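The next block holds one structure in the form of structure tokens; read it before the comments.
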Amino acid sequence: MNRAAIFQGVLALALMAAPGLSEATQPGGMAVGQITYGGNRAGAAICTGTLVSDRVVLTAGHCLRTGGKAAAMEPSDVHFAPGWRDGSAPAFRSGAEVILSNGSGLSNDLALLVLDEPVPPEIATPLTLAAATPSEGTLTFVGYSREEPDSPSIQNCTLFGKDKGVLGLGCEAVSGNSGAPLLEQTEAGWLVVGVMVARSRQLGLVGSYGAVPGPDLVARIAQP
């Protein structure tokens, strides 16, 4: 399925914003947090990231690239605050290593931030990657924005299809949402299907793209 076809389904559907949720009921819990870089928190650029092991955060690749987009940022300049809400978080960590996905294009716009110290389980429980990617249905994303950086927004996204690791979504992404997890609710809890990487204006309608982590990143996440 090509990406233009993925968005044909947007014509029949409106965006669905989920109601505000508490920390206890927020999809993904405290594992979803805010990434900042480029200086102090005031006015700093932001992205969203998800703790997928006690020391590894999954996010969008362009969040962790330098201005030239060819190389990774200096890890110590990147910071992660799990469960950031109302100006505070239960922990703050700096980066120790940045790992960019191999390849180019939207499907490879992914990265891992290895933290300088683990986040203990009493603060945040890491989320698990989904073993399989659905081709349709509804995914939920939790992301911060530059306009409202102190509280995450939650949206239900209609999944219209996937094309070589790229997900076509019927929900709007804004600055700061990059790196937000695309979550599937299962009996076992919330699973990470992909990551928000770009917005789209195809067919004159609002939509967005997600990317599914490839084998290189999945293997690194599994390492102790």
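Within the stretch 185-199, residues that are more than 22 Å from LEU217 (Cα to Cα) sit with their Cβ atoms under 6 Å from residues that are surrounded by 14 or more Cβ atoms within 10 Å (Cβ to Cβ), at 6+ positions apart or across chains, in these pairs: ARG199/ALA173; ARG199/SER208. Filtered by the rule that a residue be in contact (Cβ under 8 Å) with a residue 12 or more places away in the chain and farther than 20 Å from ALA124 by Cα, the stretch 54-73 gives ALA60, GLY61, HIS62, CYS63, LEU64, ARG65, ALA72, MET73. Looking only at the stretch 93-113, which residues are over 15 Å from the mean Cα position of the chain (by Cα), crowded, with 17+ Cβ neighbours inside 10 Å and under 17 Å from ILE123 (Cβ atoms)? ARG93 - this is the single residue of the stretch 93-113 that is over 15 Å from the mean Cα position of the chain (by Cα), crowded, with 17+ Cβ neighbours inside 10 Å and under 17 Å from ILE123 (Cβ atoms).
Looking at the stretch 12-32, which of the residues that are on the phi < 0 side of the Ramachandran plot and in contact with a Leu (Cβ under 7 Å, 6 or more places away or on another chain) is modelled with the highest pLDDT? If we take residues in the stretch 12-32 being on the phi < 0 side of the Ramachandran plot and in contact with a Leu (Cβ under 7 Å, 6 or more places away or on another chain), then ALA31 is modelled with the highest pLDDT.
The values are calculated or read from the model by the stated rules, or taken from the named source; none is laboratory data. These numbers were taken from a predicted model, which means no experiment stands behind them. Here Cβ is always computed from backbone atoms with ideal geometry, including for glycine, and neighbour counts include all displayed protein chains.
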